[in-house]
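A.B. asks: Have a look at the structure that comes next, please.
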């Protein structure tokens, strides 16, 4: 029985590691009260947009902005600023419908997931996290399909490897979330071993 207690504690630590990359926040585009947004175009209210299966969305290239030299939109998320830059060529109906529809952005500890429409035009884009290029998407479909792009941010650090959580008026440093699973995986076998010895 005592040996089992030590093993259970080690297994619990391994189980806990599976939740470290849990969702931190989710931004449903079209709802300006959820995340701080800048330079996004609104749904024009016409057009198919993949059957509108993803619900509300915003546009990186707003209708009427198709002749601009650069197209980029930003979101302020936990830990930094996300920038999505449209890199495709404007298609013939861009001035009417805009281009590069984004329905949802989800920030997790090690990943950022972007739900986007690969539509009729060239919906290629690049994604930057605090100014660092973290991923890109190359248009691959002539149909209108909603897809989810996974951008890995586990190797990106800010503030010298520390992030800050604001509690009231105080900023409390914490370890980068990407290092937590490794610490747990290292600690769990040791806890199990010493737990067995302690309770044996």
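Only the coordinates and a few stated rules stand behind these numbers; no lab work does. All values reported here derive from a predicted model rather than from experimental measurement. Heads up, the Cβs are rebuilt from the backbone with ideal geometry, glycines too, and the neighbour counts pull from every protein chain shown.
A.B. asks: For residue 96 and residue 39, compute 0.36 nm times the residue count separating them, minus their Cα-Cα distance, and round to one decimal in nm.
C.D. replies: Additional length available on full extension: 18.8 nm.
A.B. asks: Going by Cα centres, region 78-97 and region 102-150 are how many Å apart?
C.D. replies: 10
A.B. asks: Can you tell me the order of 98-111, 125-138, 73-86 when each peptide is scored by its average per-residue count of other Cβ atoms within 10 angstrom, highest first?
C.D. replies: Ranking, from highest mean packing down: 98-111, 73-86, 125-138.
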